[in-house]
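Visitor: Right, I'll just put the structure down here and ask away after.
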Amino acid sequence: WAMGATYVTDAGDSTVTVGAGVAATSYGDSGTQPTNEEAGMHVGASVVTGDLTVAAGYADGDKVNIGSTTNADSETTDNTVTKIGVKYVTGDITLSAGFTAAEGKDSDTMGTKGTTNDSQDVTDAGVSYAVASGVTANLGWKNTDSADEGSSETSGGSSWYIGASMSF
């Protein structure tokens, strides 16, 4: 089951949007039951004032991964994700920046709760320029820091990108 709600209102020159939702499901297997059933919640808000948009969100929940013939069942508990972002448009230029922090405890054994956090923090920033109708040039930067079982790992790093998007 799941349910959610969104509320939009004007506050002076700003448009404010607030949303929230919850969801849950039962694990229907005759085998080992998970520590927690699969469930989650989220809340978020955005404010738009002229050319400036600011948004933030938070989510929390537990995930059951049903295995296959090659992968065992697993579960991830105590998941949290926090996101914030800002965007400013001035003429043909759009500036944006964001940050995401996520963590959870995973276990490869169904019914056994994980004890150490996996985490990922992502920071990004970008500039887009509308070169012509349907053509946008993009420049961006992204940094990812990750930890597996509480220890830093090498799957993170920083990158720059440059490109174009076209629509016809």
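The values are calculated or read from the model by the stated rules, or taken from the named source; none is laboratory data. Keep in mind that what you see is a predicted model, and the values were worked out from it rather than measured. Cβ sites come from the backbone with ideal geometry, for glycine too, and all protein chains shown count toward neighbours. Side chains are part of the model used for accessible areas, which takes the heavy atoms of the whole protein and leaves out ligands, DNA and RNA. Shrake-Rupley method; radii C 1.70, N 1.55, O 1.52, S 1.80 Å.
Visitor: If you plug each phi of region 90-102 into the Karplus form 6.51 cos²θ - 1.76 cosθ + 1.60 with θ = phi - 60°, what whole-Hz ³J(HN,Hα) values come out, in order, with x for Gly and Pro?
Guide: Working through the residues one at a time gives 9, x, 8, 10, 10, 10, 9, 8, x, 9, 10, 10, 9 Hz.
Visitor: Same structure again: Accessible surface of K87 in the full protein assembly, 1.4 angstrom probe, to the nearest 10 Å²?
Guide: For K87, the solvent-accessible surface is approximately 90 Å².
Visitor: Can you tell me how much longer the chain between D78 and S26 gets when fully stretched, taken as 0.36 nm per residue apart minus their C-alpha distance, in nm with one decimal?
Guide: Working it through step by step, the gained length comes to 17.0 nm.
Visitor: Right, here's the next one. Which order, highest average first, do 5-13, 89-97 follow once you tally other Cβ atoms within 10 Å for each residue and take the mean per peptide?
Guide: The packing order, highest mean first, is 89-97, 5-13.
Visitor: Along region 158-168, what does the Karplus equation 6.51 cos²θ - 1.76 cosθ + 1.60 (θ = phi - 60°) give for ³J(HN,Hα), rounded to whole Hz, x for Gly and Pro?
Guide: Each residue's phi maps through the Karplus curve to give 10, 8, 10, 9, 9, x, 9, 10, 10, 10, 10 Hz.
Visitor: I've got another one for you. Taking the dipole about the Cα centre of region 115-168, with the C-beta of Lys and Arg at +1 and of Asp and Glu at -1, give me whichever of A132, S159, S119 is farthest to the positive side.
Guide: A132
Visitor: Figure the gain on full extension for V54 and T115 (residue separation times 0.36 nm, minus the Cα-Cα span) and round it to one decimal in nm.
Guide: Fully extending the segment from V54 to T115 adds 18.5 nm.
Visitor: If you don't mind, another one. If amide hydrogens are placed 1.01 Å from N in the peptide plane, which non-local residues have theirs closer than 5 Å to the one on G156?
Guide: S146
Visitor: Given a 1.4 Å probe and heavy atoms of the protein chains only, how would you sort M41, M3, largest accessible area at the top?
Guide: M3, M41
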